[in-house]
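Just so it is clear, none of the values below were taken in a lab; they were calculated from the coordinates. Every value quoted in this text rests on a predicted model; they were computed, and no experiment measured them. Here the Cβ is made from the backbone with ideal geometry for all residues, glycine too, and neighbour counts use every protein chain on show.
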Amino acid sequence: MIYYVAGIVLASLLPQLPAGYLLVAFCPLLVCSRWRRQAVPLWLGFLLAVTYGNWQLWHRLDVRQAGTEQRLAGEVVGLPEVSGEVQRFELRVMSQQQSRLRRVRLSAYGTMPLLIPGDRVSLSVRLKPPHSLWNPAGFDYELWALMRDMDAVGYVRQFHALQSRHWTLDRVRAALGAQLSVSLADPSVAALARAFLIGDGSMLSAAHWERLRRTGTVHLVVVSGLHIGIVVALGWLLGRGLLWLCPAGYVSVQALRLLPVLLALLLSGAYVLLAGAGIATLRAWIMAAALLLSTFYLLQLSLWQRWWLALAVVLSLQPLAVHAPGLWLSFGAVAMLLMLASVRGRQSLWQRLLGAQLAIFCMMTPFLLGWFGQVSLVAPLVNLLAIPLLPVLVVGLVPVLFGFWCGIAQPADLYATVLGWLWQGLGAVEQAVLAQNMAVGGPLPVPHAVLLVPALLASLAVVLPLGWRVRVLAGMIWFLALFGSAPVSSPPGFRAWVFDVGQGLAVWVQAGEHRLLYDTGPGYRSGGAAFERTVLPYLQGRGEVALDRFVVSHADNDHAGGREQVLRELSVWRQESGSLRLQREEGYHACRAGQHWRWAGVEFSYLHGSAGASENDQSCVLLIETLGCRLLLTGDIEADVEQKLVKGGSLMPVTWLVASHHGSRSSSTEAFLAALQPRYALFSAGFLNQYGHPAPEVKARFEKRGAELFNTADAGALELTALAQGECRIRSWRGVKKRYWSAG
């Protein structure tokens, strides 16, 4: 099993997939090899993952078909989301122009009828392939879509017909969720109950998730292994109870062994389906089935062999789960519990619970910091008190639902009271954490990968019975490796990231110990902003909490849409803008030509700002230079301002030019480019954006000047580095983090 799993892992890391038939040709060589016992399972796992990847990519919408209007007929699946006048839903395609599509995710705006699962509709839509904003520490939407058989995303152009409605499991889930929302008056309690019963966390607000993260209790709400384990235990106990009620002599030994296991798996399987049969719930159910396998006399496997078997089955069903942190967190937690069970002596129940919480906290903290840069230091204590309450909350939904059907309100009222107590208790813990200024769930520097290995080894030494001296030493190593890293001095020069924020701009600049953010990217109509999804995860991973300067070039949404989030998440020493409206209404300082400052040998100077008839022309134009490397940020200035700068004689050749207005044909004039002579032209534009940025004629102008072109829509985030030797480097994030499912 180990070699089979290793083959799947290797295939999932490939930057490009080989053809499956080429791998089949190697089969005879492997069978004849002296290492065939290791090579054959490795090859089988590799072949399975490669075949899966090729099959998934074959279904994905071709980028050449993007933007064309298509007519689809299909069935609404999953639970649709409604936010204001916007509906988002998934459609299982039953009839369309292109036969490859299986499932698409659509947004509908305006007066379209409210859809529920099981509706069959006919629509005219515009589609494009799933595309990620590709940034360091950013969310990989392309991977998420590929794992869920989602072949395209788009929006509804016209609604044609609602053909029929029929009952499906998702429809039952939606009806149960609606009943909970109506019957439980407190919105927070209703949202939590929906998460427990049907695995729907869409009703939880950002404040709810923040409380759960600060207290380390997200796993209590997201249906996963803990919830499935509770239902497995309930089924087992019911099975044992039924056998106990049977008269002596009427029950065979086989029934004694099989009935509890069958009830445990059936009840937990039903709960998995009710919760949406997501990847997390399915892997928990598979692990439970593997651990109970020996009861059926099929195979006599040790606990560790069953652990590997469960991992192999999960990865066989979903090879790309290798990239899901939840897989390794859940399997790692079970592995730790198995390890503790093998070395545990005589201990009381509370000692076992406390030891398990401490062990899981120590082992999972390196992974949580490495993946998310977040950890809750109060999680062991909170979970020690909250986890015993979880069986009541999960099993308590049965009398609540029974009360709904019988018209009895008391079970729902009692359930709401208990769940309300839990939520208020978590709120009190959150307030205490904030009052004490504890680093709980906040941004922490992500430890270097080299430090994670000693941290994991120290975790093992802490939880294993190796003597108190060894444990104390291991605890010190563990803490220093994860939290005690000495700050690294910044090298001479500067480093900048032009983030992939879609149709917008956000540039982060580091010079010595100083930080500057130029623009934020767009804000979204449905709430939130690109900054929270693209720039903030990177800053949190580095432990960045402050900005020396925050520059909003002008007030247009694609440049300033996330300014509220920036000011909420980061401490800002000075904020500047060229927008007269932002200066007047929000107190921003004006950026004006001639202003300059120096940080760690890096010169910053404004060439233009706060002047012009339009927001675009008021943009701050910022020049950053050191060691022979120059970066020019131009905002959305257009031809008139460019001509003014050329006549003013302040322009000089630059290394990197972030093209004005995302490459619009109204900017980047011939005279402007002749004065700048950029070595690299950077376009911050959205994937298949409706404006056609960058315009073909603009690209032609840059190519005529010999500039090398980079577009964040294709290359992802762009890292610019000015080194002490006068070397000016650029690299694209899609080039660094290559994956076979990405567009680059």
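Fewest first, what order do SER577, SER205, SER732, SER181 take by the number of other Cβ atoms within 10 Å?
Working: SER577 29, SER205 12, SER732 20, SER181 15.
Ordered from fewest to most neighbouring Cβ atoms within 10 Å, SER577, SER205, SER732, SER181 come out as SER205, SER181, SER732, SER577.
How do LEU91, LEU258 line up, fewest other C-beta atoms within 10 Å first?
Ranked by crowding around the Cβ, least crowded first: LEU258, LEU91.
Can you tell me the 0 to 90 degree angle between the C-alpha axis of helix 2-12 and the longest principal axis of the chain, rounded to 10?
Approximately 30 degrees, to the nearest 10.
Against the 2.2 N^0.38 Å scaling, with N counting residues, where does the range 494-736 land? I'd like the Cα-based Rg ratio to two decimal places. Provide the component values of the computation, followed by the final result.
Numbers: Rg = 16.2 Å, N = 243, 2.2 N^0.38 = 17.7 Å.
Here the answer is 0.91, to two decimals.
Using only Cα atoms, locate the centre of the range 42-109 and the centre of the range 205-219, then give the distance between them in Å, rounded to an integer.
Answer, in whole Å: 31.
Scan the range 30-89 for chymotrypsin sites (Phe, Trp or Tyr not before Pro) in coil per DSSP, keeping those whose Cβ has at most 13 other Cβ atoms within 10 Å, and list them by number.
Numbers: sites: TRP35, TRP43, PHE46, TYR52, TRP55, TRP58, PHE89; in loops: TRP35.
Listed in order of number, the matching sites are TRP35.
Multiply the residue separation of ASP640 and ARG71 by 0.36 nm, subtract the distance between their alpha-carbon atoms, and state the gained length in nm to one decimal. Write out the running numbers ahead of the final one.
Values: separation 569, 0.36 × 569 = 204.84 nm, distance 4.42 nm.
Gain on extension, ASP640 to ARG71, equals 200.4 nm.
Using only the alpha-carbon atoms of the chain as identical scatterers, what base-10 log of I(q)/I(0) does the Debye formula give at q = 0.05 Å⁻¹?
Rounded to two decimals, the profile gives -0.30.
Take TYR524, project a point 7 Å from its Cα along the Cβ direction, then tell me which residues of the range 123-162 have their backbone nitrogen under 12 Å from it.
From the range 123-162, the list is 133, 139, 141.
Specify the angular offset, from 0 to 90 degrees and rounded to the nearest 10, of the alpha carbon long axis of helix 397-406 from the longest principal axis of the alpha carbons in the chain.
80
Can you give me the orientation-averaged projected area of the convex hull built on the Cα atoms of the range 176-237, in nm²? Display every interim value, and only then the final one.
Numbers: hull surface 19.0 nm².
The Cα convex hull of the range 176-237, projected and averaged over all directions, gives 4.7 nm².
So if each residue of separation counts as 0.36 nm, and I subtract the Cα-Cα distance between ARG257 and GLU697, what length gain in nm does that give?
Here the segment from ARG257 to GLU697 would lengthen by 150.9 nm.
Taking Rh as the Kirkwood radius computed over C-alpha pairs, what is the Stokes-Einstein D of the range 99-189 at 10 °C in a medium of viscosity 1.306 mPa s, expressed in µm² per second? Could the numbers behind the result be given before it?
Numbers: Rh = 15.9 Å.
Answer, rounded: 100 µm²/s.
Got the relative contact order for the chain handy, in percent, Cα pairs under 8 Å and 6 or more residues apart? Each step should come with its number before you reach the end.
Numbers: 1405 pairs, mean separation 72.7, N = 744.
This gives 10 percent for the chain.
Give, to the nearest whole percent, the P(r) tail of the range 40-176 beyond 24 angstrom, counting all Cα pairs.
Values: 3358 of 9316 pairs.
Roughly 36 percent, once rounded to a whole number.
Any chance you could give the angle, 0 to 90 degrees and rounded to 10, that helix 468-483 forms with the longest Cα principal axis of the chain?
Orientation of helix 468-483: about 30 degrees from the principal axis.
Please report, in whole Å³, the volume per residue of the convex hull around the C-alpha atoms of the range 672-725. Provide the component values of the computation, followed by the final result.
Numbers: hull volume 5.0 nm³, N = 54.
Convex hull of Cα atoms, per residue: 93 Å³.
Looking at the range 582-656, which chymotrypsin sites (Phe, Trp or Tyr not before Pro) are in a loop (DSSP not H, G, I, E or B) and have at most 14 other Cβ atoms within 10 Å? Present the calculation step by step, with values, prior to reporting the outcome.
Numbers: sites: TYR588, TRP597, TRP599, PHE604, TYR606, TRP656; in loops: TYR588.
Sites meeting the loop and neighbour criteria: none at all.
Label VAL63 and LEU457 with points 7 Å out from Cα along Cα→Cβ: what is the distance between them in nm?
4.4
Quickly work out the LEU238-to-ALA19 label distance, labels modelled 7 Å from Cα along the C-beta direction, and quote it in nm with one decimal.
With each label placed 7 Å out from Cα toward Cβ, I get 5.3 nm.
Extending each Cα 7 Å along its Cβ direction at LEU567 and LEU480, get the distance between those two points in nm, one decimal.
Label at LEU567, label at LEU480, 4.4 nm between them.
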